[in-house]
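Peer 1: Just passing along the structure, written as structure tokens.
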Amino acid sequence: MLNFTSKLMAKRVFSGFRPTGKQHIGNYLGAIQNCISLQNDYDCIYCVVDIHALTTLENTERLQEDIYEMAIDWLAAGIDPQKSIIFVQSHVPQVMELHTIFSMVTPLSWLLRVPTFKEKVKMQPHNVNYGLVGYPVLMTADIALYKGEIVPVGEDQLPHLELAREIVRRFNSLFGNAFPEPQAKLTSFPLILGLDGVQKMSKSFNNYIEIAASPQGISERVMTAFTDPERKYRSDPGHPDMCNIFCLHKFFTPTRVEEIASECRTAGIGCVDCKKMLAQSISSTLEPFRERRAIIASKPNYVAEVLADGATRAEAIAKDTMKEVKEKMGLL
Ligand code: SF4
């Protein structure tokens, strides 16, 4: 078993992520970087929420591959299993048990008013399953099972966390204090637009660059990107603030941002050269990541061992929590 270097008196962070396969630059600059920085100051539990994925997935053929690819990207990017627990939600079955218990203390009216439930109903009217409405209850169970105190969230997820706090509060008032009310750690993830320059970078919109892509693959993807829509000819002065390539330069070519902006505004640089420069910057920034990924991939069982070890450590916490819950409820 791997060692877990617990930070004395550190608060516990819980964060769950759907298994989305190979990660893209938007994931890397947002959630992954945030997870890496938190693990130095908190006891972090990072969970691949495969059960949540079932609420929208109708075909699970790729599920195991997506979990593996996501986990290997996280590990190669710097999520450290010596510092954090990383595991798969369904590998610790107590979460289903706590979900059922929480479902008995959660008024249905609380769930029916959740805006994302209404959105999901519109998105998949042919598959309005029970899991969609119970999603916030399962999310609460995820956090509470590990007595998560802090949950990193974007502003759009605050209503979900408030609901989790209400469910926990209700349980505590009915059966006695068992759970901390999780606090939001507001995180302003940078908005990374996709290659279309319009939508957020996402696999759903096929507008992404995978962080595991080869230099050639990165270059091919970058060359397809939309740029300043008002710059039609090479001689036209550009508007870097209207261009997503420029936005990506801010992250990947930070030392030359002023120069690129100025060259763009004076038509000193063309979009093709500007894209080539960006592809080179992304590629060199991610080179250490690709090297670590290749090393991890060469050890056939490494990812499975990390996830199994994470599940063992998570389950030890989960068992204690469920014992306490059952005792408080008179089930034991
Ligand atoms: Fe965008 Fe670069 Fe073209 Fe300017 S030169 S519009 S920043 S791609």
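Yes/no per residue for (1) in contact (Cβ under 8 Å) with a residue 12 or more places away in the chain; (2) within 24 Å of Val114 (Cβ to Cβ); (3) not small (Gly, Ala, Ser):
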residue: Ser173; (1), (2), (3): no, yes, no
residue: Leu186; (1), (2), (3): yes, yes, yes
residue: Gly194; (1), (2), (3): yes, no, no
residue: Lys232; (1), (2), (3): no, no, yes
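Peer 1: Still on this model: Given the residues Glu69, Glu97, Glu61, which is the only one that is in contact with a Lys or Arg (Cβ under 8 Å, 6 or more places away or on another chain) and closer than 28 Å to Leu307 by Cα?
Peer 2: Glu69
Peer 1: Can you tell me which condition Asp241 does not meet? The list is (1) farther than 15 Å from His24 by Cβ; (2) more than 10 Å from the ligand (Cβ to nearest atom); (3) not in a loop (DSSP other than H, G, I, E, B), and all the others hold.
Peer 2: The one condition Asp241 does not meet is (2).
Peer 1: While we're on this one: Name every residue in the stretch 192-211 that is open to solvent by 90 Å² or more (accessible area, probe 1.4 Å) and on the phi > 0 side of the Ramachandran plot, in order of residue number.
Peer 2: Residue satisfying the conditions is Asn206 alone.
Peer 1: Could we say that Ser214 is exposed (fewer than 13 other Cβ atoms within 10 Å of the Cβ) and away from the ligand (no atom under 12 Å from the Cβ) here?
Peer 2: In short, yes.
Peer 1: Okay, moving on. Filter the stretch 267-301 down to the residues that are in a helix (DSSP H, G or I), small (Gly, Ala, Ser) and within 16 Å of the ligand (Cβ to nearest atom) and list them by number.
Peer 2: Ala279, Ser281
Peer 1: Next question. Report whether or not Ala304 is open to solvent by less than 10 Å² (accessible area, probe 1.4 Å) and away from the ligand (no atom under 12 Å from the Cβ).
Peer 2: Here the answer is no, as Ala304 does not meet what is asked.
Peer 1: Still on this structure: Checking the structure you have, find out if any residue of the stretch 176-191 is more than 10 Å from the ligand (Cβ to nearest atom), open to solvent by less than 40 Å² (accessible area, probe 1.4 Å), outside the structural domain of Ala141 (by TED's automatic domain parsing) and not in a helix (DSSP H, G or I).
Peer 2: No; the residues of the stretch 176-191 include none that is more than 10 Å from the ligand (Cβ to nearest atom), open to solvent by less than 40 Å² (accessible area, probe 1.4 Å), outside the structural domain of Ala141 (by TED's automatic domain parsing) and not in a helix (DSSP H, G or I).
Peer 1: Which residue pairs have Cβ atoms under 7 Å apart, sit 6 or more places apart or on different chains, and have a first residue in the stretch 254-272 that is touching a residue at least 12 places away in the same chain (Cβ under 8 Å) and a second that is within 8 Å of the ligand (Cβ to nearest atom) and of a type in the set (Phe, Trp, Tyr)?
Peer 2: Correct list of pairs: Ile260/Phe246; Ala261/Phe246; Cys264/Phe246.
The values are calculated or read from the model by the stated rules, or taken from the named source; none is laboratory data. What you are looking at is a predicted structure, and each value in this text was computed from that prediction instead of being measured. Neighbour counts are summed over all protein chains in view; Cβ atoms, including those assigned to glycine, are modelled from backbone coordinates with ideal geometry. SASA here: full protein model, heavy atoms, side chains in, ligands and nucleic acids out. Shrake-Rupley method; radii C 1.70, N 1.55, O 1.52, S 1.80 Å.
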